[in-house]
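A.B. asks: Pasting a structure here, questions to come.
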DNA sequence: TTGTACGCGTTATCAC
DNA sequence: GTGATAACGCGTACAA
C-alpha cells in the first residue's frame, strides 16, 4: 500500500501538496498537479480511509441497524438505503439486532467507535435512550419517533383502508390480528383498523399476537379459527401472519375469498406468489429506505429539511384473497 | 468522547500504562490497574477503533459482498456470516454487487481502504482477478474456486439427485432449465441433472435462461410450455424460476403434480408457503454462511485448516409439486 | 504556490 | 512496574 509520502517522494513534492491535489483545495500549480497525478497512477495510490477518518473524526460509513434481514420486509429497505448512500460515496456498516436491546446497544457502540457519520435504525426500541447521547444524526426507519427524524408507512391510514376495503367487499364478522405490542407500526395499523370498524356496523373480534415469526403465526391462525369459527374476514398484522392464516383457512377447507377474506400488510415479495395471491396493504419498502437515506444525508450536511418525519403512503393491493367490490352497496 | 489520555490523566498514570491494562499485556501493578479501571468507568471510556486500526493496519471489520440481498437466498447466508463473526467481535461492512464488476471492484476497494481483516464474497465473478493482489484472506461463498477457499453446496450431486427423484416419481419427458451461464452453481446443478438424465431412459429437453429475476422467469415458463407442451417434469435452476413455472403450469390448468412435477433448488423460505408447496433441493444457506465465517476466521488467525473447500450437502425436500414414489418401479 | 510541523488516538519500543 | 516517545497515514495551520 502506497502512502501519501511515497507519492510525494516520487513526484518530488511535499505531502502537503499531494494532499492538496487529492482534496482539490488550496493552490497548486498545473505542472506539479500533473506530476503528482502521474505519481499516484504509477504507485496505484489510494488514500487510507482510516487515517482520514482518524484525523477528521468522520468516516465515509453509515450504520444500518435492522431487526432481522431474514424477515422478507427488510432486504428491500436495506437495498433502498444502500442504493441511495452509495451514490454519495458512503458505505454500510450493518447489523441485526434481533430486537435485543444489548445487541442494539452493542452495534450502536461499534458504529460510533468506527466514526460513522450517521445511523439508520429500524429497530423497535421505543425508549430511544440508546440514541440520546449521539452527536451524529439518526434516522428511524419503519418507525415513528417524536424526538428523531423518521420515515414510516402511514400505518393508521393503512389499517383504516384495510378495514374499509374488507367491509366494502362484504365481510360481516372480521377478526383483527393485533400485532406485537412492542412493535409500534403494528399497533398503528391495528388502531386504524379498530377505528374504522368501531364506526362501522359490522361485528369484529380482536386477537392478540406476540411476534411475526411464521411458526408462531401458524398457532395463532389455528387458534383464530377455533375461537372465532364464524370469522369471514381477517385483517392480519403483516403478510407473514396473513400467509399463516391463509394456509390454515385452506387446510380447514374454507373457500378463499368466498368464505373468508384476508388482507395482509407490507406486500413482501412472496405475497404475490402465494396461491391464491394475497391482497395486502403495500408499504413501499425500497422507497422508504431511499427516503431515509436521503433524509440522513441532508441531516449530515446540515441542509435544511422541511419535514423531519416523512410518512409514506400505504396502498391497497387487490389480489385474490379479497372479493370483488359489491356494486349494490 | 474520552481518549486514552484523559483516562491516563484521571488515573494519574501515563497513556502507556492505560494501554497496558486495556490490552492486558505487560506488567502493571494491581493497584494501578484498579485506578485505571475506575478512571475508565468514570469517563465511560472506550477505545477508538479507528486509531487502533490505523496503527495496527487491521480493523475489526469483515467485508461481505453479495450479489443482491433482495434475492431471498442471501439473507440467510448473511445472517449465518453475521452470527458467527459477531461472536468473535467482528462486524460487517456490507455491499451488493448486482453482479456488476465495477461495483464489485468498488466494494473490494473500500474494504481494503477500511482495513478489513477478511472478505467473504458470494458474487459470481469467475475471473477472481479482483481478489488477486489482496493481502487478506478471502472466502468465496456459494461458489467454487480453485485458487481461493470456498464454501458451496454440492450442486452437481444436487442436480443428480433432483433428476433421480423426479425420474423415480415417474416423469418421462423432463425439461431442464439451464440457469445463467455465468453463474457457476447453476451450471453445476445443470451438469448433475444432465448427467443423470443422460444415463437414464427418459426423454428430456434443455432450455437456457439468463437470470434469476422472477419477472424474466415468467417469460421462460411461458416459453417452456409453448415449446415443450408434453413436458411432464421440470427441473428448475432455482426456486424463483420453479415458482414461475409452477404459476404458469397452474395458469394453463395443468394439474400439479399429477401432470407436471416440479423440483426447485435452494429451498428459500417462501417455497414451503406456496400452494402447492414446492419440492426442492435444499441448500443450507444459514449454515453455509456460518461455515464461511468460521473458515475465514481460521484463515485470519493462520490456524491450520484441513480443507479449504467445504462442500455442503444438498438434500431433497419432498413437498407437493412431486408425486409419491411409484413403489412398483 | 509550496513546504514544515503538528495533531488525530493508539500501540509498541525502549529506557528508567 | 512505569513513563516518554516514535510511529501509523492523513489534513491543515502557518511559514516561506
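A.B. asks: When you check residue B:71 against the structure, is it within 16 Å of DNA strand D (Cβ to nearest atom), assigned to a loop (DSSP other than H, G, I, E, B), under 40 Å from the mean Cα position of the chain (by Cα) and outside the structural domain of residue B:213 (by TED's automatic domain parsing), yes or no?
C.D. replies: Criteria not met by residue B:71.
A.B. asks: Could you count how many residues in segment B:1-33 are assigned to a loop (DSSP other than H, G, I, E, B) and near DNA strand C (Cβ under 7 Å from one of its atoms)? Working first, answer last.
C.D. replies: Taking segment B:1-33 as the starting set, the residues that turn out to be assigned to a loop (DSSP other than H, G, I, E, B) are B:1-3, B:12-14, B:24-29.
Filter once more, so that each one left must be near DNA strand C (Cβ under 7 Å from one of its atoms): B:1, B:3, B:25-26.
Counting residues in segment B:1-33 that are assigned to a loop (DSSP other than H, G, I, E, B) and near DNA strand C (Cβ under 7 Å from one of its atoms) gives 4.
A.B. asks: Take residue B:287 and decide whether it is in contact with a strand residue (DSSP E or B) (Cβ under 9 Å, 6 or more places away or on another chain) and at pLDDT 95 or above.
C.D. replies: yes
A.B. asks: Which ones in segment A:1-28 are more than 20 Å from residue B:54 (Cβ to Cβ) and either surrounded by fewer than 11 Cβ atoms within 10 Å (Cβ to Cβ) or out of contact with any helix residue (DSSP H, G or I) (no Cβ under 9 Å at 6 or more places or on another chain) (or both)? First the steps, then the outcome.
C.D. replies: Of segment A:1-28, the ones more than 20 Å from residue B:54 (Cβ to Cβ) are A:9-14, A:17, A:20-21, A:24-28.
Passing the criteria: A:24, A:25, A:26, A:27.
A.B. asks: Same structure, new question: Mind listing just one residue for me: the one in segment A:36-54 that is away from DNA strand D (no atom under 11 Å from the Cβ) and surrounded by fewer than 17 Cβ atoms within 10 Å (Cβ to Cβ) and, of those, farthest from the other protein chains (Cβ to nearest Cβ)?
C.D. replies: My answer is A:38.
A.B. asks: Look at residue A:59 and say whether it is within 9 Å of chain B (Cβ to nearest Cβ), in contact (Cβ under 8 Å) with a residue 24 or more places away in the chain, within 30 Å of residue A:4 (Cβ to Cβ) and in a helix (DSSP H, G or I). First the steps, then the outcome.
C.D. replies: Numbers: within 9 Å of chain B (Cβ to nearest Cβ): yes; in contact (Cβ under 8 Å) with a residue 24 or more places away in the chain: yes; within 30 Å of residue A:4 (Cβ to Cβ): yes; in a helix (DSSP H, G or I): no.
So residue A:59 fails the test.
A.B. asks: The conditions are (1) part of a helix (DSSP H, G or I); (2) farther than 30 Å from residue B:138 by Cα; (3) within 14 Å of DNA strand C (Cβ to nearest atom), and residue B:38 fails exactly one of them. Which is it?
C.D. replies: The failed condition is (3).
A.B. asks: Answer yes or no as to whether residue A:123 is modelled with pLDDT under 95 and surrounded by 22 or more Cβ atoms within 10 Å (Cβ to Cβ).
C.D. replies: Judged against the criteria, residue A:123 is a match.
A.B. asks: With the structure loaded, tell me whether residue A:289 is in contact with a helix residue (DSSP H, G or I) (Cβ under 6 Å, 6 or more places away or on another chain), buried (at least 19 other Cβ atoms within 10 Å of the Cβ) and assigned to a strand (DSSP E or B) or whether it fails that test.
C.D. replies: Against the criterion (in contact with a helix residue (DSSP H, G or I) (Cβ under 6 Å, 6 or more places away or on another chain), buried (at least 19 other Cβ atoms within 10 Å of the Cβ) and assigned to a strand (DSSP E or B)), residue A:289 does not qualify.
A.B. asks: Please state which one of A:242, A:217 is in a helix (DSSP H, G or I) and under 20 Å from residue A:284 (Cα atoms).
C.D. replies: Criteria check complete, one pass: A:242.
A.B. asks: Going by what's in this entry, would residue A:77 be described as at pLDDT 95 or above and either more than 9 Å from chain B (Cβ to nearest Cβ) or within 18 Å of residue B:97 (Cα to Cα) (or both)?
C.D. replies: Against the criterion (at pLDDT 95 or above and either more than 9 Å from chain B (Cβ to nearest Cβ) or within 18 Å of residue B:97 (Cα to Cα) (or both)), residue A:77 qualifies.
A.B. asks: Related question: Can we say residue B:2 is away from DNA strand D (no atom under 16 Å from the Cβ), under 25 Å from residue A:135 (Cβ atoms) and more than 8 Å from chain A (Cβ to nearest Cβ)?
C.D. replies: yes
The values are calculated or read from the model by the stated rules, or taken from the named source; none is laboratory data. Just so it is clear, the model here is predicted, and its values are computed rather than measured. Note that we place each Cβ from the backbone using ideal geometry, even for glycine, and neighbour counts take in every protein chain shown.
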